[in-house]
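Shown next, in structure tokens, is the structure this report addresses.
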Amino acid sequence: QLPKRVDVYEVGPRDGLQNELRTLPTRDKARLINALVAAGEKRIEVTSFVSPKWIPQLADAEELLRLVGRREGVVFSALVPNLKGLERAKEAGLQEAAIFISASEAHSKKNINKSIAEALAGAREVTGAALQAGMQVRGYLSTVWGCPYEGDVPVERVVDICRQLVDAGIYQLSLGDTIGIGTPRQTEVLLEALLKHIPVEKLALHLHDTRGTALANALVGLSAGVTTFDASIGGLGGCPYAPGAAGNLATEDAVFMLHGMGVDTGINLDRLVEAGEIAQELIGRKLAGKYLQAALGE
Ligand code: HMG
Ligand code: MG
């Protein structure tokens, strides 16, 4: 029995654009976000309030939030790594903060210059302060299926960190296959272990499609009752010049499969293709999304 309805959480403007070589002008980002809203997307991660030295592509977070404003029924979110980021986010009127930590020490160090324990403490601090400021807070755990530096990540560690993150007060926890290395049986085992401790409504899957397994893993999640899937328009993010980087599960591929299986998303697939076309035009190359290429080739 599949869920009747799932949420797609769009990460193209954040995860996609942070991994593209070309930094888009703010107005182009806003144009893309407007197209996603026009397609019926309701949850969009638009940028990050991280250090501009670390992610220069998203240095215009404040200006972008000003440009996109607020939309009825749509929640714009952004990554927030620390209290400094939260101050910026508050000032910019952000509705939802997304905290993020890793399940492997080496990735944690490389990504945010903190150990897992330090990152957990920081995530608690930011979550508490964001809730107090009236924002809702989502959380990510990265390298759940494997780490680019350490390889396998033990399921027990993942479960332990997930429990701590949920206890910190986030409303949803998104499990990251950061390097797109997960396979379906692994996803089954992982979800089985997690669902003993965490209600399925709290979980989302954030699958990068580096090795072509994102949709298969999403299907395993859907069968296990997961009802939120992160996705990126056109599979944005697979910069061909950045070795190892690859985009997320393409939003149109996910929506096409879901609709075909009788699962509603509230998104208009044709309008989504239009948004994908805009993304391609802005980024200046063909994107990886399979449905997008098929639709544009027709
Ligand atoms: P640090 O260098 O250890 O921190 O960076 P610091 O506190 O010493 O700060 C260094 C400088 O950055 C200082 O400026 C701070 O003021 C400034 P300076 O004195 O040198 O002029 N700074 C900031 N500026 C603006 N906004 C801020 C901020 N914080 C400090 N919020 C830090 C630590 C966490 C800041 C840094 O490592 C960072 O920004 N990392 C973010 C990296 C990132 O965005 N990674 C990608 C997102 S995660 C991801 O993609 C995975 C995900 O998609 C899930 C998955 O796929 O698995 C979510
Ligand atoms: Mg990601």
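Please treat every number below as a calculation from the coordinates, not as lab data. Computed from a predicted structure; not experimentally measured. FYI the Cβ positions are ideal-geometry reconstructions off the backbone, even for glycines, and counts take in every protein chain you see.
Electrostatic tally near Ser223: other residues with Cβ closer than 13 Å to its Cβ, Lys and Arg +1, Asp and Glu -1, net -1.
Positive end of the dipole of region 178-298 (Cβ unit charges, origin at the Cα centre): among Asn268, Ala254, Thr187, the Cα lying farthest that way belongs to Thr187. Each Lys and Arg Cβ is given +1 and each Asp and Glu Cβ -1; about its Cα centre, the chain then shows a dipole of about 400 debye.
Here the contact order of region 158-298, divided by its residue count and restricted to Cα pairs under 8 Å and six or more residues apart, works out to 20 percent.
Here's the list of aspartates and glutamates a cross-link from Lys84 could span, going by alpha-carbon distance under 13 Å and ignoring same-chain residues fewer than 8 apart: Glu125. Of all lysines in the structure, not one has an alpha carbon short of 18 Å from that of Lys290, not counting any fewer than 8 places away in one chain.
Its relative contact order, with pairs defined as Cα atoms under 8 Å and 6+ residues apart, puts the chain at 22 percent.
Scanning the chain for chymotrypsin sites (Phe, Trp or Tyr not before Pro) in DSSP loops with at most 14 neighbouring Cβ atoms within 10 Å leaves 55-148 as the longest stretch between them. Compared with the rule-of-thumb size 2.2 N^0.38 Å for a compact globular protein, region 1-157 has a Cα radius of gyration ratio of 1.06. Of interest is the spacing of the C-alpha centroids, which for region 92-163 and region 10-54 amounts to 21 Å.
Net charge in the neighbourhood of Glu41 (other residues with Cβ under 11 Å of its Cβ; Lys, Arg +1, Asp, Glu -1) is +1. Beta bridges from DSSP with both residues in the chain: antiparallel share about 5 percent, rounded to the nearest 5. Sequence-distant contacts, meaning Cα pairs under 8 Å at least 6 residues apart, place the relative contact order of region 104-235 at 22 percent. Charge tally around Thr265: other residues with Cβ under 15 Å, Lys/Arg +1 each, Asp/Glu -1 each, net -3. Built from the Cα atoms of region 132-179, the convex hull projects on average onto 3.7 nm², one quarter of its surface area. What is region 189-298 by shape, rounded, prolate or oblate, if you read a ≥ b ≥ c off the alpha carbon gyration tensor as root eigenvalues and call it rounded for a/c under 1.5, prolate for a/b larger than b/c, and oblate otherwise? Taking the square roots of the gyration eigenvalues as a ≥ b ≥ c, region 189-298 is oblate. Anything over 28 Å Cα to Cα? Flag those among Lys29/Lys53; Lys4/Lys196; Lys42/Lys286; Lys42/Lys114, in the order listed. Going by Cα-Cα distance, Lys42/Lys114 fall outside the 28 Å limit. Taking 20 °C and 1.002 mPa s as conditions, the chain diffuses translationally at an estimated 114 µm²/s according to Stokes-Einstein applied to its Kirkwood radius (Cα pairs).
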